[in-house]
Structure formats: structure tokens, C-alpha cells
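Since the structure comes first, as C-alpha cells, the remarks are kept for the end.
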Amino acid sequence: MARRIVTALLGAAVMGIGANGASAATLDDVKAKGFVQCGVNTGLAGFAAPDAAGNWSGFDVDYCKAIAAAIFGDATKVKYTPTSAKERFPALQSGEVDVLARNTTWTINRDTALGFNFRPVNYYDGQGFMVRKALNVKSALELSGAAVCVQTGTTTELNLADYFKANNLQYNPVVFEKLEEVNAAYDAGRCDVYTTDASGLYSLRLTLSNPDDHVILPEIISKEPLGPAVRQGDDQWFDIVTWVHYALVQAEEFGVTQANVEEMKSSPNPDVQRFLGVEADSKIGTDLGLTNDWAVNIIKAVGNYGEVFDRNIGAGSPLKIERGLNALWTKGGLQYAMPVR
């Protein structure tokens, strides 16, 4: 019952925030302050992590840069707010951040009761398990009685409980709020198993003392559609964040890259000309509240979706995650951009 009361109060608070958001256009606020405030992970290699000099990089970080490039023509116009799993939603609800680009699963509760809007899934993920090779475990179904490290406040924690209950397995949860605490606990041997999104496991394994001593089990126990989130009540801002993703995907489908984007402006293909804003009388960008070269600015800044993927988490990165479901729809995957017309 207490949880219901908290949820109801939170929902009411969010409705108030949503109403305020509708009256104050986020794009105008962002332009006025001169940067996008982007909520990111506190440090997840490949997705969002700072280097020793405090410079952020990663798959999610490139989305922040792409949004800034679309608005300002300058990908550096971003300020990053590191958020834990628990902190991320209040940060977005309160307006502390303009957009959350932080490996966040799109769920019905977050879409409705929490007052957020998701639409573009920029990474199709699923929850997995990592164990030490020395345990000689080959399947998650062999994990009954294990101590499992998990981050609280996540869908991961809920999926874990459901999976073990459904398979009549026992486990001892070892729960922490901050990702760094979960990592340290697993690396120190305080638990037998680490569970989170599979992409996160590949990332986190790189940070362990002896990465080769750990194996990721074959089971994927959930759907984890990840993507940027914004507050409800501001359709223009929602459209901008949505179409930044579609622009990245469409650029890959057209073969427009960071290296050839200027050359492609001369393409005889009218679809490409329209996409790059060189078609006569085009309003493709201005209808979004941007300039018609918004897609060009995105691609110049970070490349197309495939380039963003490969550089940060794919074949060109230490993680070497395969495209899988995140391949273009033309190559058997699920990444599909709505028509730019």
C-alpha cells in the first residue's frame, strides 16, 4: 500500500511538472542558456564515461552531442549530469536535465505514471548474467542459491526476481544504489553473479581486475529497449529528440557518413537531397524549429548510427558488441527510421 501511495504522489507531482513543461518550450530554454543539459550514466564504458580530463564519450554521449549539433550546429554545446539509476528520474522530472540519454528501459510505468515520453529505441538490449569461469556454470538455470549483485531501482532488479521465481530458483540479492558499488562488490567476490543489461555486462567486464576470468551466460531473460527520454508536455522537444535518432539511422541507410556528407549534398537522389536540406523550398528542418541543415550538422558531428555504434560499442571498440537486433531493418535488424518527407 505504501508503494501505491508513493506512486500516486509521484504521478501527481509529475503531472504538475508536465503542465509546466507544456507552457515553457524546452527548445527555447535550451537556446537561451546556450547548451543542452544531458543526463548520463555515472560511468559505463562505451555508453557514457569521462576520461581523466573530464571529457565524456560513449554511445549515449554521442546522442547528447547530436542533439546539440542539431540545435546549435555545435556538438560541444552540452553539459553532462551524471546520474545513478535512482537519481535519473527525479533529475528529468525536476527539469535538472533536458533529456535523459542514459541506458534507460522504456516501460509502461515510466511512460505513463512517471510522466516521460520514449519513442526511438536506440539500442535493443536484454538482461543477462555474468559469472566467474572458475564456477564452471554454463546456464543461468544452474544459479540456484547464488549471491547475485544487482543495482537497485532498475528493471534489472525486478526481472531478476521474476526469473528466479518463474524457474523455482533461490538466490541472495546483493543490492547497491550506485553502479560503481555493484562493480566493486562483484570484483571483490562478494557475489557469485552479476546481472544487468547484456551490453552493460560487456562494458563492465572490461573494468574488472581480470576480465578473461569471467563469462557471460547465454540466457537473455528480458526485453530492454533503451532510448532517450524527455518529460511529457512538450511535443516540439519530443519531436527533436526523436528525429535526431531517425536522422542517424536514415543517414546510415542512405550511406551518408561523417566523411562524405558534404559530397552527398550533390547526390542525384531527391530523398538524399531532401534529407540533407538542399532540396528547393524544403522545410524539413524549420518545421522542427531547427535549420534545414540540422541533419548535416548531426552527421558532421558524430557520423551516422552505424558509425556511432561501431566507434563506441561495436567492432571498432574494445566491447566489440555485434549489431544483432540493432542492425538496420534492411540487414535483418530492427533499426528503422520513419520517412523523411
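Somewhere in region 113-130, is a residue modelled with pLDDT under 95, closer than 21 Å to Tyr63 by Cβ and either of a type in the set (Phe, Trp, Tyr) or open to solvent by 40 Å² or more (accessible area, probe 1.4 Å) (or both)? Checked region 113-130: at least one residue is modelled with pLDDT under 95, closer than 21 Å to Tyr63 by Cβ and either of a type in the set (Phe, Trp, Tyr) or open to solvent by 40 Å² or more (accessible area, probe 1.4 Å) (or both). Among the residues that make up region 188-206, is at least one of them under 18 Å from the mean Cα position of the chain (by Cα) and of a type in the set (Asp, Glu)? For region 188-206, residues under 18 Å from the mean Cα position of the chain (by Cα) and of a type in the set (Asp, Glu): present.
Thr107 fulfils the conditions (1) open to solvent by 40 Å² or more (accessible area, probe 1.4 Å); (2) free of Cβ contacts under 8 Å to residues at least 60 places away in the same chain except for a single criterion, (1).
Annotation note: Cβ proximity below 7 Å between a residue of region 209-227 that is more than 30 Å from Cys38 (Cα to Cα) and of a type in the set (Lys, Arg) and a residue that is open to solvent by 20 Å² or more (accessible area, probe 1.4 Å) and modelled with pLDDT of 95 or more (sequence gap 6+ or interchain) occurs for no pair. What number goes with the only condition from (1) under 18 Å from the mean Cα position of the chain (by Cα); (2) loosely packed, with under 15 Cβ neighbours inside 10 Å that Glu263 does not pass? Glu263 satisfies all of (1) under 18 Å from the mean Cα position of the chain (by Cα); (2) loosely packed, with under 15 Cβ neighbours inside 10 Å except (1). You will find that of Ala134, Ala113, the residue that is in a loop (DSSP other than H, G, I, E, B) and touching a residue at least 12 places away in the same chain (Cβ under 8 Å) is Ala113 and no other.
If the condition is being open to solvent by less than 60 Å² (accessible area, probe 1.4 Å) and of a type outside the set (A, V, I, L, M, F, W, C), then region 178-191 contributes Asn183, Tyr186, Asp187, Gly189.
Take Tyr163 and tell me if it is assigned to a helix (DSSP H, G or I), among the hydroxyl-bearing types (Ser, Thr, Tyr) and surrounded by fewer than 22 Cβ atoms within 10 Å (Cβ to Cβ). Criteria met by Tyr163. Restricting Tyr202, Tyr186 to those that are within 13 Å of Gly128 (Cβ to Cβ) and of a type in the set (Phe, Trp, Tyr) reduces the list to Tyr202. Thr207 - would you say it is under 29 Å from Gly95 (Cβ atoms) and surrounded by fewer than 16 Cβ atoms within 10 Å (Cβ to Cβ)? Judged against the criteria, Thr207 is not a match. Residues in region 285-310 that are touching a residue at least 12 places away in the same chain (Cβ under 8 Å) and open to solvent by 70 Å² or more (accessible area, probe 1.4 Å): 2 in all.
The set of residues in region 284-318 that are among the aliphatic types (A, V, I, L, M), in contact with a Leu (Cβ under 7 Å, 6 or more places away or on another chain) and closer than 16 Å to Asp60 by Cβ comprises Ile298, Val308, Ile313.
The values are calculated or read from the model by the stated rules, or taken from the named source; none is laboratory data. Source: prediction; values computed, not measured. Cβ: placed from backbone, ideal geometry, glycine included. Neighbour counts: every protein chain shown. Areas reflect the complete protein model, heavy atoms only, side chains present, ligands, DNA and RNA absent. Shrake-Rupley method; radii C 1.70, N 1.55, O 1.52, S 1.80 Å.
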